[in-house]
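Below you'll find the structure, written out as structure tokens, and then a few comments.
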């Protein structure tokens with residue numbers, strides 16, 4: 001078996017199954033190696049029925065009592081029965097599984113695994129997995145990988161495919177033996193087996209550490225090589241400071257904070273200086289980074305050049321375009337903005353291409369469409385990327401090369417402690433905006449358990465009655481085999497059953513096409529949707545001042561920095577705003593972590609606490625975002641590995657050693673994980 005072989009070469013995968021893998025971006029067998037689990041399922045010890053708690057998943061050993069009943073409700077076949085142990089009775093319900101009636105004979109004993117739902121004086125489990133004693137003992141204490149899925153794929157199919165690859169594909173070591181021994185790292189072959197099918201939590205941690213270290217080392221060596229190529233490039237687009245920016249600032253109905261003014265001074269000095277700007281603007285959620293970007297684009301346009309502003313999503317690009325268009329019209333500014341996104345028609349794009357080349361537009365705002373080959377600029381002097389960790393290095397380089405050597409500004413709301421920022425952004429000058437604009441009302445936070453849900457819904461109703469809107473964040477898009485995390489699809493329906501028809505509820509997630517996401521966000525922004533149930537797709541920059549409440553389900557499964565970014569979607573208007581963190585595990589450790597958010601709205605303080613409170617054995621089930629989009633690495637959880645990889649990288653540079661493991665480098669670069677030019 002070879003890495004480049006088609007996945008059709010795997011046993012049990014035909015054209016139809018291959019098409020499902022293709023939807024996930026997998027066409028070759030080697031790609032399955034890096035299709036890492038998003039979580040691991042650990043079969044719990046069985047408990048007594050009397051020990052069940054609302055909203056949590058349990059395993060109970062119980063015998064079927066009484067008769068199994070079956071009824072029709074529309075297209076649903078509902079099968080119910082009761083099971084008991086010596087401490088109590090539980091009701092079991094299955095939907096559209098009529099064969100269950102033949103399996104669950106009176107007196108039969110099974111291990112039932114599912115979420116406990118309180119219904120009056122009895123607990124109910126809906127659609128629980130069931131096991132014989134032998135099956136349960138076989139799975140007990142075993143870490144089973146849970147992979148991201150698409151419709152048509154099952155965990156069993158993915159697990160079997162990856163197992164074939166691991167057992168038949170030669171797994172070549174990427175790192176020199178001296179690095180492996182010096183850093184006490186697992187070898188590559190064992191790491192790949194350990195990340196997919198760990199025999200223990202200890203093996204999983206060691207495997208993950210090895211692969212995370214490799215990601216960091218590859219990334220940092222790439223950064224250092226880029227740093228050498230971008231340092232002290234002569235300014236090819238020298239600018240003079242213009243009166244337009246000062247007049248614009250004088251007319252604004254608010255004053256910039258001191259941090260904003262200092263940052264703008266640094267940016268304007270860069271644009272008019274001897275060398276090309278290469279600067280990171282790091283600012284907390286809502287600190288006013290976009291205003292700095294607008295000022296830089298205004299100065300660029302007033303000097304007769306073009307500027308490009310690249311956003312990670314069409315929703316955010318459209319939001320920025322509308323803001324810039326409003327500023328240009330209201331304050332009579334010399335900028336002519338245009339929006340360029342992938343969802344435009346071919347004819348619409350061609351018209352925009354021609355006007356960009358002719359210089360009729362001098363501020364071009366968009367997504368990845370900005371660096372398509374057909375886009376040519378007349379005199380591109382400034383490239384700004386918002387939430388820069390969303391873009392791959394080649395995408396950024398492609399855009400940069402269209403303008404020769406334009407000035408580069410990258411913006412991030414990810415609150416990274418300075419010690420780590422100096423490593424991760426080694427080739428960039430860093431400006432930090434910590435102060436919040438005047439008039440911002442601090443968000444009120446609370447951490448609660450699942451028993452608080454109904455009270456939270458009642459609070460939603462009160463806010464909606466007062467004319468406001470609500471976000472609910474779920475970690476998953478759809479129900480997933482082997483997971484009891486809340487998902488957008490089912491949660492949306494649950495809320496529709498709880499609230500009257502007059503409350504408009506909609507959902508948003510990353511699998512939707514861009515026009516559909518834009519339509520929903522436009523409807524929410526205009527007040528037509530009362531409750532928006534979403535994944536973390538709304539994390540980046542979405543601005544709806546009328547949204548006053550956010551509730552985050554399974555909050556314990558996210559990093560603190562990401563939770564802080566999520567709650568930044570509320571508190572953007574003049575109304576008191578609230579964030580409810582729902583903790584579903586009730587452990588002392590999760591309570592301690594989430595309590596940081598309960599008492600602080602300072603993103604940089606929260607980032608520091610995230611570093612302190614994470615341990616090497618903390619394996620979060622949801623891959624963190626906002627941290628440069630590594631496949632496995634998390635800069636908070638893995639900060640010690642980042643520091644160690646940086647030291648190794650420095651030693652390699654001193655000894656003039658370069659990376660030779662091309663497969664590893666291409667894996668990261670091709671996937672967009674290396675982001676810095």
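Just so it is clear, none of the values below were taken in a lab; they were calculated from the coordinates. These numbers were taken from a predicted model, which means no experiment stands behind them. Counting neighbours? That spans all protein chains shown, and the Cβs are built from the backbone with ideal geometry, glycine included.
Some points to look at:
- Size check on region 203-311: the Cα extents along the three principal axes, sorted descending, read 61, 34, 23 Å.
- Each of the peptides 32-45, 105-118 was scored by the mean count of other Cβ atoms within 10 Å over its residues; in descending order, highest first, they stand as 32-45, 105-118.
- Set the Cα radius of gyration of region 18-102 against 2.2 N^0.38 Å, with N its number of residues, and you get 1.64.
- Each listed q (0.14 Å⁻¹) maps to a log10 I(q)/I(0) for region 162-255 from the Debye sum over equal C-alpha point scatterers, namely -0.67.
- Inverse mean reciprocal Cα-Cα distance (Kirkwood Rh) of region 473-562, Å: 13.8 Å
- Each of 124, 165 has some number of other Cβ atoms within 10 Å of its Cβ, and from fewest to most they run 124, 165.
- When region 444-600 is reduced to its Cα atoms, the Kirkwood hydrodynamic radius in Å: 15.6 Å
- Estimated D of region 69-114 in µm² per second, where Rh is the Kirkwood radius over Cα pairs and Stokes-Einstein applies at 37 °C, 0.692 mPa s: 285 µm²/s
- Enclosed volume per residue, in Å³, of the convex hull spanned by Cα atoms of region 243-433: 114 Å³
- Peptides 51-61, 450-460 ordered by average Cβ neighbours within 10 Å, highest first: 51-61, 450-460
- Region 63-166 shape via C-alpha gyration tensor axes, a/c threshold 1.5: prolate
- Helix 662-671 and the longest principal axis of the Cα set of the chain meet at an angle near 90°.
- Shape summary of region 241-299, radius of gyration then Dmax from alpha carbon positions: 11.4, 34 Å.
- The ellipsoid that matches the Cα gyration tensor of the chain has semi-axes, each √(5λ) in whole angstrom, of 45, 32, 23, with the longest given first.
- Taking a point 7 Å out from the Cα of residue 465 in the direction of its Cβ, the residues of region 489-508 whose backbone N falls within less than 13 Å of it are 500.
- MRE, 222 nm, helices only [DSSP H, n ≥ 4, -39500 (n - 2.57), over the chain, to nearest 500]: -11500 deg cm²/dmol
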